[in-house]
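Below you'll find the structure, written out as structure tokens, and then a few comments.
Each reported figure results from applying straightforward, stated rules to the coordinates on display, with no laboratory input. Everything numeric in this text was worked out from a predicted model, so none of it was measured. Note that we place each Cβ from the backbone using ideal geometry, even for glycine, and neighbour counts take in every protein chain shown.
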Amino acid sequence: MIDRKHKLPVSHQCTVLGLARSSAYSTPRDVSPADLALMRRMDELHLEHPFAGTRMLRDLLRPEGFPAGRKHIGTLRARMGIEALYRKPHTSRRQRGDEIHPYLLRDLAIERPNQVWAADITTIPMRRGFLYLFAVIDGYSRRVLAWRLSNTLTTDFCLDAVREAIHRHGCPEIFNTDQGSPFTSGDFTGLLKAHDIRISMDGKGPGGTTSSSSACGKASSTKRSISRPTTALPMRKPTWERICTSTTSADRIVPWKAKHRTRPTSLPWQHKSDRRRKA
């Protein structure tokens, strides 16, 4: 694009093309054999340890005779187009333009099953990467009504779990979630509206309603990653006993009529004055 024999100076040609002058004068250098060997070994380590960042790769490469710094490793990783797989934040960030519903559980006494359902998404570490766990719980009995695992943060596996919960236990009066993009999407809210379910969404302040479902997966993920990391994606419906840590699987999976559930002494989203009044 740059013609050095043209009457127009090279600086003016760069201005017309919107390029920096340094890009016209600099010549690309070939990758050195040492960097090629380093990149090859980095690719092998990335397959073995996909969660490793620049610091971990630096510590793994130095005993093997690669005296590379963290910044140089980061430059080569960007050139190779690889990045570490880790538990990323912002799973509760909503998509711009999606419909946001008000929070309906403030000062609400939850007194019966199927009055309020809550759902949330957490992560389960694997030997290579992690999985997303979506769970639907009943706000009164703390029963896990349905759950799904997925390796991508999409809406389809959330819809499958909600459909199963509605099919097995009926429709709740209120369905509470956070403002994550899977929950504010038109597919998810449309499913709830089609069953005449009132939608409630946590803001930045309240967070007790979805904390139970999120903590259920977080506790299990910490235990599983330390004791015995999972090597492969489980079956479609593995036993909940390996995932849930708050109660036994028998208490959660038995039908509603098989066992009477007593009301908890207090709920995390109840006001303190309500607890003292009922005590």
Once phi is turned into ³J(HN,Hα) by the Karplus curve 6.51 cos²θ - 1.76 cosθ + 1.60 with θ = phi - 60°, what whole-Hz value does each residue of region 32-45 show in order, with x for glycine and proline? 5, x, 5, 5, 5, 5, 5, 5, 5, 5, 5, 5, 5, 5
With a point put 7 Å past each Cα toward its Cβ, work out how far ALA194 is from TYR25 in nm, to one decimal. 6.4
Using per-residue counts of other Cβ atoms within 10 Å, averaged over each peptide, order 16-26, 103-113, 167-177 from highest down. 167-177, 103-113, 16-26
Stretchable slack from GLU64 to ALA34, in nm (0.36 nm times residue separation minus alpha-carbon distance): 9.5 nm
Residue-wise HN-Hα coupling along region 60-75, computed from phi with Karplus coefficients 6.51, -1.76, 1.60 (Hz; x: Gly, Pro): 7, 8, 5, x, 8, x, 10, x, 9, x, 5, 5, 5, 5, x, 5
Under 5 Å between amide hydrogens, which residues at least 5 positions from ASP202 or on another chain qualify, with H placed 1.01 Å from N in the peptide plane? THR177, ASP178, GLN179
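Grab the beta carbon distance between LYS71 and ARG4, set R0 = 41 Å, and tell me the FRET efficiency rounded to 0.05.
After rounding, the FRET efficiency stands at 0.75.
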